[in-house]
Number of protein chains: 2
Amino acid sequence: MTAAGNHQASRPVGRRLERAGIRDVAAAAGVSITTVSDALNGKGRLPDATRRHVREVADRLGYRPSAAARTLRTGRSGLIGLTVTTYGEEPFTFTEFAYFAEMARAATSAALARGYALVILPASSRHDVWGNVALDGTVVVDPSDQDPVVTELVRQGVPVVSDGRPAGSLPVHAWVDNDHEEAVLGILDHLAAAGARRIGLLTGTSTDTYTRLSTTAYLEWCERIGQEPVYEAYPAHDPCAGAVAADRLLARPDRPDAVYGLFDPNGTDLLAAARRYGLRVPDDLLLVCCSESTGYAATEPPITTLSLKPRRIGTAVVQLLIDAIEGVGPAHPVQQVMPTELIIRTSSQRRPHRTTVSPPRTSARGEG
Amino acid sequence: MTAAGNHQASRPVGRRLERAGIRDVAAAAGVSITTVSDALNGKGRLPDATRRHVREVADRLGYRPSAAARTLRTGRSGLIGLTVTTYGEEPFTFTEFAYFAEMARAATSAALARGYALVILPASSRHDVWGNVALDGTVVVDPSDQDPVVTELVRQGVPVVSDGRPAGSLPVHAWVDNDHEEAVLGILDHLAAAGARRIGLLTGTSTDTYTRLSTTAYLEWCERIGQEPVYEAYPAHDPCAGAVAADRLLARPDRPDAVYGLFDPNGTDLLAAARRYGLRVPDDLLLVCCSESTGYAATEPPITTLSLKPRRIGTAVVQLLIDAIEGVGPAHPVQQVMPTELIIRTSSQRRPHRTTVSPPRTSARGEG
DNA sequence: ACCCTCAGAAGGAAGGTTTCTGCATGATCG
DNA sequence: CGATCATGCAGAAACCTTCCTTCTGAGGGT
């Protein structure tokens, strides 16, 4: 070839911040580039002496392999995406915020433990951002069937695992979800056992699977038990609408004597509404809502909540995703159903009804 | 040696879906690679006709530029890190969780709006993860002066902006923080104005700047006012220790008639402790704590909180970081002090003391 | 003495982009 | 009419690593 441009063999021009490259390490150690790569990555056949020597020199030079170059070469970036659908401008949903925060936390831990880092990417973010980051795979929270980003990713062959059953025929590699039907049935039974005669539901207008499955379970339970359904639906992403819906529910002529709210803020919404109507909780109204917020332990009265165990879900989702990325585990789609937990507090335990004064022999302090 | 045949079969998933490269686009469009690159990136001198044509072809082929290649070439990854110091295994601190969640949310939005994505990276995570991801810059939350990761990043010339004044001489490019002293003084004045005679403090044992500045401000206020300081300190990262410390504080012979708690859970901790000692809030004890949790609006009674406005901080931190990355803005370190907000609720407003029965002429419902 | 084997190490080709340089072409101007 | 210049586009280097292939001796078997 033309010997024209071959000049800068070992002279760093100095314009950069002098990050040592593998070349520099090779030169300093008196070996070839290949040997350096092999020594540092534990590959090839090298005597321990060489390996040690190379590592030492690399350390001395403060050598850090270029993530970009490695990614380009190996096709692996060590990055996995965490995608949430958004309403409006904010990257996270409001209603599921405590859930999402916990889930993201667990997912981050799990990813890290296997050497991956997590990138937060709202589904509706600028397309260029999605294009600009090399992802080995993606976790999608509550994917909608129309989600263009997820569809595109799947088309490109990027593994996708979803938290929540994928709506429609979205071809994700695996999903993890709670058994929402069972959870709702459990709550309804719990409320009925506490003495509820007419159980109401505060639900959402959106078509995601969580809302749909929960509502269906409620309706079926009503049919089975022979109770007329009493429910109000509202757009769950609107924080104010919940309070209004709670109020509407308790204003009905066929007012329920127990309510389950599907979304996190429903507990306080319902509590406020109950106060407005002079209803005592739990004496006149039993309350349960689905929430991860610890705040419900400190309301007056404390409110029984259903936890979806987001920690477990976040962990499971990431494990499945990384398995898919690394080719471990089954090639077929995996569906994993995780249990929920009902945290029973005062709001769903009816006190002996005769007297409101004498406490039922239990001291005020909870244990531990 | 022990490298027992790490033979990653080169077909883990087996489905590299022949992503179209820039070469393919060039061939299909009948132009050179250069022209494609220029056309898509809006550079070079090309007539609109060519530009349109190339874009069309690229679209038709579903061409997505390789993020890795672009990063390698340009040195920009479009990724910024979000680093939190950790206690134990969990990636986020417990005590600042609501704060962190809000802050991270705002940071994600701000980054996205400028075309960057956020990577969550605990400071104490495995070193290989740090090395494996190419960051254009990093946000560090509450950096400790001994943090090896941050030091290393700065050494490599990666821009670092911190949320919270950097401890020691950590050479960050900029920082954003609240005016903690002013916030504490404001709270103390507020409590004094509400009738507090002896204000206690629930603080932490750690040496971070938040704790230190707040405590100092308290002590100075006490000296100025002539009140004997009454405080308890506990390890803030231990969730149980807070409850114990709250109890200790209220058990003291010189029991305060008002308390400010520096950490998020202190509100409920103090409330529980007050109940145990039969103290009514706010009649016998005024309460304020620093928290971003909306739950404190629904406790009984609602608790006055100091908000550090994490949204604003997250946004500001990211703006400064990206400015530094892109070379916009001042080259000198920037310090930005953000205001706080005191959300006054029942727990810090002493009712007229004579009667506990008659409400002070205000109806129960707030104005909508 | 010769060939074969194998450890140890090096060479060099991708990998896909951006971008600097440079070559044509046709237009403009002195 | 020739020199200059703007325009439109192409070639190829560089970014840094990984890994497949090849080279070189040295030692051992026949």
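The values are calculated or read from the model by the stated rules, or taken from the named source; none is laboratory data. The model shown is predicted, which means the values in this text are computed figures rather than measured ones. Methodologically, a virtual Cβ is constructed for each residue, glycine included, from the backbone with ideal geometry; neighbour enumeration extends over all protein chains shown.
Some notes on this structure:
- Residue count for the range A:25-49, restricted to those that are crowded, with 16+ Cβ neighbours inside 10 Å, farther than 21 Å from B:Asn132 by Cβ and more than 9 Å from DNA strand D (Cβ to nearest atom): 5
- When the range B:21-61 is filtered for residues that are within 14 Å of chain A (Cβ to nearest Cβ) and either within 7 Å of DNA strand C (Cβ to nearest atom) or among the small types (Gly, Ala, Ser) (or both), the ones remaining, listed by number, are B:Gly21, B:Ile22, B:Leu40, B:Asn41, B:Gly42, B:Ala58.
- Taking the listed residues B:Leu121, B:Leu112, the one that is crowded, with 22+ Cβ neighbours inside 10 Å, facing chain A (nearest Cβ under 9 Å) and free of Cβ contacts under 8 Å to residues at least 60 places away in the same chain is B:Leu121, with no other qualifying.
- Residue check for B:Gly62: on the phi > 0 side of the Ramachandran plot and either touching a His at 6+ places or on another chain (Cβ under 6 Å) or modelled with pLDDT of 85 or more (or both): yes
- The set of residues from the range B:53-81 being part of a loop (DSSP other than H, G, I, E, B) and either in contact with a Ser or Thr (Cβ under 6 Å, 6 or more places away or on another chain) or within 9 Å of DNA strand D (Cβ to nearest atom) (or both) comprises B:Gly75, B:Ser77.
- In the set B:Ser291, B:Ser307, only one residue is within 14 Å of chain A (Cβ to nearest Cβ), within 18 Å of B:Thr215 (Cα to Cα) and polar (S, T, N, Q); that residue is B:Ser291.
- When A:Asp238, A:Asp247, A:Asp284, A:Asp269 are screened for being surrounded by fewer than 23 Cβ atoms within 10 Å (Cβ to Cβ) and under 27 Å from the mean Cα position of the chain (by Cα), only A:Asp238 passes.
- Condition met for A:Leu153 (within 18 Å of A:Ala324 (Cα to Cα), at pLDDT below 90, more than 10 Å from every other protein chain (Cβ to nearest Cβ) and in contact with a helix residue (DSSP H, G or I) (Cβ under 7 Å, 6 or more places away or on another chain)): no
- Failed item in (1) in contact (Cβ under 8 Å) with a residue 40 or more places away in the chain; (2) on the phi > 0 side of the Ramachandran plot; (3) not polar (S, T, N, Q), with A:Tyr210 passing the rest: (2)
- Among the residues of the range A:156-177, the one identified as among the hydroxyl-bearing types (Ser, Thr, Tyr) and at pLDDT below 80 is A:Ser169.
- Looking only at the range B:4-52, residues that are modelled with pLDDT of 85 or more, under 28 Å from A:Val160 (Cβ atoms) and β-branched (Val, Ile, Thr) come to 2 in all.
- Sole residue being closer than 23 Å to B:Ala20 by Cβ and either at the interface with chain B (Cβ under 9 Å from one of its Cβ atoms) or crowded, with 18+ Cβ neighbours inside 10 Å (or both), chosen from A:Asp128, A:Asp163, A:Asp177, A:Asp142: A:Asp128
- Test: residue in the range A:317-327 that is surrounded by fewer than 24 Cβ atoms within 10 Å (Cβ to Cβ), assigned to a loop (DSSP other than H, G, I, E, B) and not assigned by the TED database to the domain that holds A:Leu135: no
Table: residues versus (1) crowded, with 24+ Cβ neighbours inside 10 Å; (2) assigned to a helix (DSSP H, G or I); (3) of a type in the set (S, T, N, Q).
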position	(1), (2), (3)
B:Arg255	no, no, no
B:Val259	yes, no, no
B:Gly278	no, no, no
B:Val288	yes, no, no
B:Arg312	no, yes, no
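- So B:Thr346, is it more than 24 Å from B:Tyr234 (Cα to Cα) and at pLDDT below 90: no
- Taking each residue of the range A:58-71 that is touching a residue at least 60 places away in the same chain (Cβ under 8 Å) and looking for partners that are more than 8 Å from DNA strand D (Cβ to nearest atom) with beta-carbon atoms closer than 6 Å, six or more apart or interchain, yields A:Thr71/A:Ser77; A:Thr71/A:Ala134; A:Thr71/B:Ala68.
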